[in-house]
Amino acid sequence: MSSVINALNNRSSKRAYLNKPVPRDIQEKILEAAGKTPSGANMQPWVTYAVSDPAMLKKIGDAIIEKMDAGIEHDQFIQYYPVKWVNPYKKRRIVTGAGLYKLMGVDRKDNETRIQMWKDNFRWFGAQTVIFVFTDKANIDEAQGAFIDCGAYMQSIMLAAQDFGVDSCPQGSTTEFGKVIAKELEVPENLALLYSIVLGYADKDAKINTYQPQKVSLQESVTFI
Ligand SMILES: Cc1cc2nc3c(=O)[nH]c(=O)nc-3n(C[C@H](O)[C@H](O)[C@H](O)COP(=O)(O)O)c2cc1C
């Protein structure tokens, strides 16, 4: 089977990592390959920060968790999740979340553990590299094409990583605190954070990494005419 089909079939989001950095040359190869992602008018709207400095990652995580603890739900440039969840997407979200908590033995009503698990996002699940993807605010002012391009770029990064034996987890949780991240990273004013991707070597013994959420069937998602 081709390596692309293998990578697609074998990738899944990993949420516990070994204390092992992704070498800089591997990061460069992954991002170089992902840079070949097609984009409308070849605008390549992604502006990428690959952060492996532990002090910086801690600083960003601390700043987000401080906001969360102060009861602030988001401080964002873009609204990633739907404001009004409708079915079948609402049901899929609930089933996916419930499956993960069940696997981890977390009770449905145990909000504290759930929040703690969500906060793990901002400790990068123990991974040592996080890719933060921004775009120019002008690209997303009354236009959505850059989101499509940067989404494709996200998948390219994760599949390229897979080819180098590097695991990943995409993060919309960071989208919700995009302005905090932009401030901590001191990025230029014109940039808006879209998402991040955690990169690292998954802890194969971690139960959470065995989670394989259901995917909808071809019949459910595709209309052939
Ligand atoms: C744009 C995007 C944002 C996501 N945000 C998060 C996140 O913040 N935290 C997390 O643990 N998983 C996050 N995920 C992972 C999804 O939960 C995961 O992709 C989905 O459940 C399907 O599982 P799989 O990636 O293992 O196939 C995100 C995925 C995408 C594509």
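Here are the numbers for this structure:
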item	result
Every residue from the stretch 38-71 that is out of contact with any Phe, Trp or Tyr (no Cβ under 9 Å at 6 or more places or on another chain) and under 21 Å from Arg114 (Cβ atoms)	Glu66, Asp69, Ala70, Gly71
From Arg92, Arg108, residue being more than 14 Å from the ligand (Cβ to nearest atom), under 29 Å from Lys215 (Cβ atoms) and either surrounded by 13 or more Cβ atoms within 10 Å (Cβ to Cβ) or of a type in the set (D, E, K, R) (or both)	Arg108
Pairs with Cβ under 7 Å, 6+ apart, first in the stretch 1-13 and modelled with pLDDT of 95 or more, second assigned to a loop (DSSP other than H, G, I, E, B)	Ser12/Gln212
Selected residue (criterion: nearest to the ligand (Cβ to nearest atom)) from residues of the stretch 111-134 that are closer than 15 Å to Arg15 by Cα and charged (D, E, K, R)	Asp120
Matching residues in the stretch 135-166 - criterion: being among the aliphatic types (A, V, I, L, M) and away from the ligand (no atom under 16 Å from the Cβ)	Ala138, Ala143
Residue count, the stretch 179-207 (criterion: in contact with a Leu (Cβ under 6 Å, 6 or more places away or on another chain) and buried (at least 23 other Cβ atoms within 10 Å of the Cβ))	1
Single residue of the stretch 13-40 satisfying the filter (buried (at least 16 other Cβ atoms within 10 Å of the Cβ) and among the small types (Gly, Ala, Ser)) that is nearest to the ligand (Cβ to nearest atom)	Ser13
The one condition in (1) surrounded by fewer than 17 Cβ atoms within 10 Å (Cβ to Cβ); (2) closer than 23 Å to Ala152 by Cα; (3) polar (S, T, N, Q) that Thr210 fails to fulfil	(2)
Pairs, first under 16 Å from Lys119 (Cβ atoms) in the stretch 171-196, second of a type in the set (Asp, Glu) and surrounded by 16 or more Cβ atoms within 10 Å (Cβ to Cβ), C-beta under 8 Å, six or more apart	Glu176/Asp75; Phe177/Asp75; Val180/Asp75
Residue that is surrounded by the most Cβ atoms within 10 Å (Cβ to Cβ), among those in the stretch 167-178 that are within 20 Å of Pro213 (Cα to Cα) and touching a Phe, Trp or Tyr at 6+ places or on another chain (Cβ under 8 Å)	Asp167
Residue match in the stretch 41-48 (condition: more than 22 Å from Asn209 (Cα to Cα), among the hydrophobic types (A, V, I, L, M, F, W, C), surrounded by fewer than 16 Cβ atoms within 10 Å (Cβ to Cβ) and over 18 Å from the mean Cα position of the chain (by Cα))	yes
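The values are calculated or read from the model by the stated rules, or taken from the named source; none is laboratory data. Small disclaimer: the values here were computed from a predicted structure and weren't measured. Glycine gets a Cβ as well: all are built from the backbone with ideal geometry, and neighbour counts include every protein chain shown.
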